[in-house]
1. Give me a count of the residues in the stretch 267-280 that are open to solvent by 70 Å² or more (accessible area, probe 1.4 Å) and under 33 Å from the mean Cα position of the chain (by Cα).
2. Could you tell me whether any residue of the stretch 164-180 is among the acidic types (Asp, Glu) and surrounded by 14 or more Cβ atoms within 10 Å (Cβ to Cβ)?
3. Which of the residues that make up the stretch 60-71 are in contact (Cβ under 8 Å) with a residue 60 or more places away in the chain, open to solvent by 40 Å² or more (accessible area, probe 1.4 Å) and within 12 Å of the ligand (Cβ to nearest atom)?
4. Give the residues of the stretch 34-47 that are buried (at least 20 other Cβ atoms within 10 Å of the Cβ) and not hydroxyl-bearing (Ser, Thr, Tyr), sorted by residue number.
5. Restricting the search to the stretch 1-59, which residues are small (Gly, Ala, Ser) and without any contact (Cβ under 8 Å) to a residue 12 or more places away in the chain?
6. Determine if the stretch 21-33 includes at least one residue that is modelled with pLDDT of 95 or more, assigned to a strand (DSSP E or B), closer than 20 Å to Cys204 by Cβ and open to solvent by less than 10 Å² (accessible area, probe 1.4 Å).
7. Here is a list: Ile49, Ile96, Ile105. Which entry is away from the ligand (no atom under 15 Å from the Cβ), in contact with a strand residue (DSSP E or B) (Cβ under 8 Å, 6 or more places away or on another chain) and of a type outside the set (Gly, Ala, Ser)?
8. Arg14 passes all but one of (1) buried (at least 18 other Cβ atoms within 10 Å of the Cβ); (2) within 14 Å of Gly231 (Cα to Cα); which number fails?
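The values are calculated or read from the model by the stated rules, or taken from the named source; none is laboratory data. Values in this document were obtained by computation on a predicted structure and should not be read as measured data. Cβ sites come from the backbone with ideal geometry, for glycine too, and all protein chains shown count toward neighbours. To get the accessible areas, we keep the full protein, side chains included, count just its heavy atoms, and leave off ligands, DNA and RNA. Shrake-Rupley method; radii C 1.70, N 1.55, O 1.52, S 1.80 Å.
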Amino acid sequence: MAAKYPLQWIELSRSALNCNVDSLVRLARGRQIAICVKANAYGHGLPQIVEMLSQRSDIHYLSVHSVAEAIACRKAGWNARLLLLGPVATEDIETIVECGFEPTISDAAFLERLGRAADKAKKRILTHLKLETGTNRQGITESELPRFAEIYRKHQHLGKPYGASTHFANIEDTTNHQYAEHQLRQFGKLVKAMKRLKIGPRICHTASSAALILFEKTGFDLVRPGLAAYGHWPSKETYLSYRLSGGANDLFRPVLSWKSRLTQVKKLQPGEFVGYGCTYRTTAPARLGVVPVGYYDGYDRALSNCAHMLVNGARAEVRGRVCMNLTMIDISNVRAARPGHVVTLIGSDHSETVSAEQIAIWSSTINYEVLARLSSETPRIMVE
Ligand SMILES: *Cc1c(COP(=O)(O)O)cnc(C)c1O
């Protein structure tokens, strides 16, 4: 077995990431861009992705969920702006002020504390007000806005809100975009209300990947794509809507491949059971390969007895249940397979591909979750 690689690893394609970001820059038509690197850069590995994104001069922001992720971005070499999308613990308020992170505001008590901390540090802090347009997750309603306006007036170093934002509820779930249109109208109404209260924002932003790809008018001043930067479509519906509108099929290429190596090859007789629960039984002589990856690593247990991996360019079915750290595959038809041979869990091998989307279908979830769940402990290797 080659000593160069660990037993499993994730490969990240530099050229694919750059190609995807080029596509997003084109779609953004001169607007500012905030690439979303939350959830360990959608499972790709935050340090590696941020290091690659830092080499570009056309990305204005990174957006993250948490303060810890924002700090990780700085450590990985990101010196430009950081938008925090998620809630912030009271204990992290001073860090935000000190580091100049730009929080999303949806809570008045938090804004008040932030205002006091900013005044105390005599440091201007840029905030983004999240407006409630129909997702009912984080937003501020029209009747709550005066209270926020009062807090902004009270704290000199808050100034006015820098941004106003919202997030669409179902833009990637359907080819019918009435609800998104409704949310856009609500957004317009609330921004007007902000202006009347003299807390009009400098910039507006609403667009995740699907909105950016499909709706020019969601773009405003800044766009916040995540998944597409990693080379994945937010959904089949998004892909179909885009293609039906005449869009080309070369926008995105997957950045990530997930690989391992066969650690054992076994010969089984007909009638033998495989794995926990004896859920698979051979009906003929079989060759079985053991792959040192399990649900701990992010290979979902729902893939038991159904998914395929790739060995020497051929498909090998998962046999029995996925274990915590091991999975067995049928390599009866991959004659040349030996211990040490590379197994592809996500990605391509010769002309065969197992996509994150296919894994998502097999495990009844979405590509976002398949990727985000990949263990941060798996080594990441940059290719190209
Ligand atoms: C995650 C997230 C995004 C990015 O969404 P994608 O569908 O991955 O492009 C944008 N905005 C907010 C508020 C988010 O939470």
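1. 1
2. Yes, the stretch 164-180 contains at least one residue that is among the acidic types (Asp, Glu) and surrounded by 14 or more Cβ atoms within 10 Å (Cβ to Cβ).
3. none
4. Ala34, Ile35, Cys36, Val37, Ala39, Asn40, Ala41, Gly43, His44, Gly45, Leu46, listed by residue number.
5. Within the stretch 1-59, Ala3, Gly30, Ser57 meet the criteria.
6. Yes: the stretch 21-33 contains one or more residues that are modelled with pLDDT of 95 or more, assigned to a strand (DSSP E or B), closer than 20 Å to Cys204 by Cβ and open to solvent by less than 10 Å² (accessible area, probe 1.4 Å).
7. Sole residue among the options that is away from the ligand (no atom under 15 Å from the Cβ), in contact with a strand residue (DSSP E or B) (Cβ under 8 Å, 6 or more places away or on another chain) and of a type outside the set (Gly, Ala, Ser): Ile96.
8. (1)
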